[in-house]
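What follows is a short report on a single structure.
The values are calculated or read from the model by the stated rules, or taken from the named source; none is laboratory data. Because the structure is a prediction, the values reported are computed rather than measured. In this analysis, Cβ positions are derived from the backbone assuming ideal geometry, glycine residues included, and neighbour counts consider all displayed protein chains. Protein only, heavy atoms only, side chains kept; ligands, DNA and RNA dropped before computing areas. Shrake-Rupley method; radii C 1.70, N 1.55, O 1.52, S 1.80 Å.
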Amino acid sequence: MNLCSIASGSSGNCIYVGSHNTHVMIDAGISKKRIEQGLNSIGLKASEIDGILITHEHSDHIGGLGVLARRYGIPMYGTKGTIEGIKKCSSLGKIPQELFYPIDPNTPFFVKELLIKPVKISHDAREPVAYRIEHGKKSVGVMTDLGTYDDSIIEHLKELDVLLLEANHDVNMLQVGKYPYPLKQRILGDRGHLSNERSGRLLCEIIHTGLKHIILGHLSKENNMAELAYETVRMELAMGQNPFLAREIPLTVARREECSGLVTA
């Protein structure tokens, strides 16, 4: 099973996950052209995508959904609240009703041979989820846009082979930055986003010998830097209970404008 970050950041998100026979995307928050280019770079066509798993209805996760849906007729999976939010987004244009497949948080379902496990998260959207995807003994997780985490989320992230985890902001950069105070409080709150430090602490809870690759994603353009996210998370891991193991596991940062290339579980 493979994962590729086509785009990840506060300005747009689209992640590919797939096996040899089944291909899905998590979110479509960038243009159709960029999605097609990203898929082409890993040897796929948009017409080969079997489903789009939508985390929530914010524009940086659904911006390209309407054009993509009308062009290729790809099934779209999201919670009832997320689908309602998408239908209220006039900028997407009309999306055929038959393309929407409602899902329940924490209720697994299949897209062909991939087992999809939605994970209920805390974020200021209607009914947001993250996703754990399994094929045989392999599993990957894409966990972004969560203001906080609990034992349930930790449990869903255990024994993964590959994980893309949010490291949205540096707290100090956010606090001294130009954002208005209410927006800063929203980002820092339990329905906002994970900071670099909290991302590292969550990783300390779930790190194990079978984890082959960690990707840090959904970085803020204004309140974070790739190098800072990397170093902060590395420091948190070094201070955890498994510092040697933490040093052995590859850690990379997903870029907002570049594909990560395929990461194999």
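To keep it simple, each residue is scored yes or no on (1) at pLDDT below 95; (2) crowded, with 24+ Cβ neighbours inside 10 Å; (3) touching a strand residue (DSSP E or B) at 6+ places or on another chain (Cβ under 7 Å).
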residue	(1), (2), (3)
Arg132	no, no, yes
Val140	no, yes, yes
Ile154	no, no, no
Val171	no, no, yes
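Can you name every one of the helices (runs of 4 or more DSSP H) wholly within the range 168-218 that holds 1 or more residues which are among the acidic types (Asp, Glu) and within 20 Å of Pro243 (Cβ to Cβ)?
Values: elements: 171-176, 181-188, 196-206.
Filter on the range 168-218 gives 196-206.
Pick from the range 1-46 the residues that are free of Cβ contacts under 8 Å to residues at least 24 places away in the same chain and either of a type in the set (Lys, Arg) or closer than 15 Å to Cys259 by Cα (or both): which of them is least open to solvent (accessible area, probe 1.4 Å)?
Quick first cut of the range 1-46, residues free of Cβ contacts under 8 Å to residues at least 24 places away in the same chain only: 20, 33, 36-37, 40, 43, 45.
Add one more test, that the residue is either of a type in the set (Lys, Arg) or closer than 15 Å to Cys259 by Cα (or both), and what stays is 33, 36-37, 40, 43, 45.
Details: Lys33: 134, Glu36: 40, Gln37: 103, Asn40: 91, Gly43: 63, Lys45: 130 Å².
Here the answer is Glu36.
Looking at the range 108-135, I want the residues that are free of Cβ contacts under 8 Å to residues at least 12 places away in the same chain and have a partner that is assigned to a strand (DSSP E or B) with Cβ atoms under 8 Å, at least 6 apart or on another chain. Which pairs are those?
Matching pairs, first to second residue: Pro108/Leu115; Pro108/Ile116; Pro108/Lys117; Pro108/Pro118; Phe110/Ile116.
Cβ-Cβ distance below 7 Å, separation of 6 or more or different chains: which pairs start in the range 241-265 with a residue that is small (Gly, Ala, Ser) and end on one that is open to solvent by 60 Å² or more (accessible area, probe 1.4 Å) and in a loop (DSSP other than H, G, I, E, B)?
Cβ pairs passing all conditions: Ala265/Lys212.
Select, from Ile49, Ile86, the only residue that is within 23 Å of Arg191 (Cβ to Cβ) and surrounded by 17 or more Cβ atoms within 10 Å (Cβ to Cβ).
Ile86
Condition first: touching a strand residue (DSSP E or B) at 6+ places or on another chain (Cβ under 6 Å) and either loosely packed, with under 14 Cβ neighbours inside 10 Å or not hydrophobic (A, V, I, L, M, F, W, C) (or both). Now tell me which residues in the range 227-255 satisfy that.
Answer for the range 227-255, where residues must be touching a strand residue (DSSP E or B) at 6+ places or on another chain (Cβ under 6 Å) and either loosely packed, with under 14 Cβ neighbours inside 10 Å or not hydrophobic (A, V, I, L, M, F, W, C) (or both): Tyr230, Pro250, Thr252.
How many residues are open to solvent by 40 Å² or more (accessible area, probe 1.4 Å) and in contact with a strand residue (DSSP E or B) (Cβ under 8 Å, 6 or more places away or on another chain) if we restrict to the range 89-111?
Of the residues in the range 89-111, 7 are open to solvent by 40 Å² or more (accessible area, probe 1.4 Å) and in contact with a strand residue (DSSP E or B) (Cβ under 8 Å, 6 or more places away or on another chain).
Could you tell me whether Leu245 is at pLDDT 95 or above and out of contact with any helix residue (DSSP H, G or I) (no Cβ under 7 Å at 6 or more places or on another chain)?
Numbers: at pLDDT 95 or above: no; out of contact with any helix residue (DSSP H, G or I) (no Cβ under 7 Å at 6 or more places or on another chain): yes.
No.
Looking only at residues in the range 23-68 that are under 14 Å from Ala7 (Cβ atoms) and among the acidic types (Asp, Glu), which one is nearest to the chain's Cα centre (by Cα)?
Asp27
Looking only at the range 198-240, count how many residues are touching a helix residue (DSSP H, G or I) at 6+ places or on another chain (Cβ under 9 Å), of a type in the set (D, E, K, R) and touching a residue at least 60 places away in the same chain (Cβ under 8 Å).
Counting residues in the range 198-240 that are touching a helix residue (DSSP H, G or I) at 6+ places or on another chain (Cβ under 9 Å), of a type in the set (D, E, K, R) and touching a residue at least 60 places away in the same chain (Cβ under 8 Å) gives 1.
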